[in-house]
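Every read-out reported here was derived from the displayed coordinates using simple, explicitly stated rules and does not represent laboratory data. Only a predicted model underlies this, so the values are computations on that prediction, with no experimental measurement involved. So basically every Cβ, Gly included, is an ideal-geometry build from the backbone, and we count neighbours across all protein chains shown.
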Amino acid sequence: MNHPHGTPATPEAGTTGDHGTPNTPDTPDTPAADGTTPASPADTSANGNRAGGKGDTGGGPAREGNTPGTEAPLPHPAHTPPAELRDQLATRLGETARSWFEQALAEAAAHPGRHGPISVWELRLAEAGRRCGPANADAVRVLILHAARAGTDALTRVYFQGTADERRAVLHALPHLVTGPDALPLVEDALRTNDTRLLAAALGPYAARHLDAHAWRHAVLKCLFTGVPVDHVADLERRASGDAELARMLRDYAAERTAAGRPVPDDLHRVLALTESAAVPDREADTPHGKES
């Protein structure tokens, strides 16, 4: 783990970091000569390990993830009740991975608080990609956080000290663990980055419930100019319906693109159409202070 005020964790491969620096492209999971699959660089912390334990370094054992097959993708961890997510994982993980996963959940449930510099369940977050496979890692991490009953303080610590993978898991876990707006600083931090996977994760159900209108509108605009599909924006239809200010911002952005000879994203037209529909009756009060820019 890194110190909260130290060098930020490396964002996901294939994206850009908080300061616009391109990251190393994704490395394909090519089997080694012995038939194993090396761990992905995205599953390690900035220095390759966590304090007090080994991270998902390339020198570790092969991933134990799901048995090769054609199973459907896991449901989205932020939108799926933890019990259902756990049932889905149980059918996908191989025997060794499932044993590790169940042990990790038991450890988290038995020792939810912080014990020493780092809790054992926090070490398990770092291992999840290698132990259970990258396709299952988000769900595994969310369920470990849920088993540990991580509150806002613990989630904040994991977010700022963890890798981009762990930050994304924290964002996915927010709707399951935090009922009020206390964790909004984590969402706001993710929305400031140029890491498109963090941006997509930040706009889940928690942001839909708690992000104010001004910040939410600008987040939608950021999706458009970073290429994040608006399908990732939770509750988009309800929040966009009848939003005249969002419509103005969208038209201004479309005009700027057109004037510059650049294409207007298809998603912009989709969101603009939503703003022109009748407002959904249970929409939260919207009290912008004048026009936004």
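Kindly list the residues of region 190-218 that lie in the label zone of Asp231, defined by a backbone N under 18 Å from the point 7 Å along the Cα-to-C-beta vector.
196-205
Which FRET efficiency value, to the nearest 0.05, is calculated for Gln103 and Thr179 with the Förster distance at 22 angstrom and r the Cβ-Cβ distance?
The calculated FRET efficiency here is 0.15.
With label points built 7 Å along Cα→Cβ from the Cα atoms of His111 and Thr91, find their separation and express it in nm.
Each label point is offset 7 Å from its Cα along the Cβ direction, giving 3.4 nm.
Would you mind calculating the gained length between Glu188 and Glu256 on full extension (0.36 nm times residue separation, minus the Cα-Cα distance), in nm to one decimal?
Separation in residues times 0.36 nm, less the Cα-Cα distance, equals 21.9 nm.
Which value in Å does the Kirkwood hydrodynamic radius of region 171-277 take, with 1/r averaged over all unlike C-alpha pairs and then inverted?
With all distinct Cα pairs of region 171-277 included, I get 14.1 Å.
For Val264 and Ala83 in the same chain, what is the full-extension length gain: residue separation times 0.36 nm, less their Cα-Cα distance, in nm?
Taking Val264 through Ala83 to full extension adds about 61.0 nm, to one decimal.
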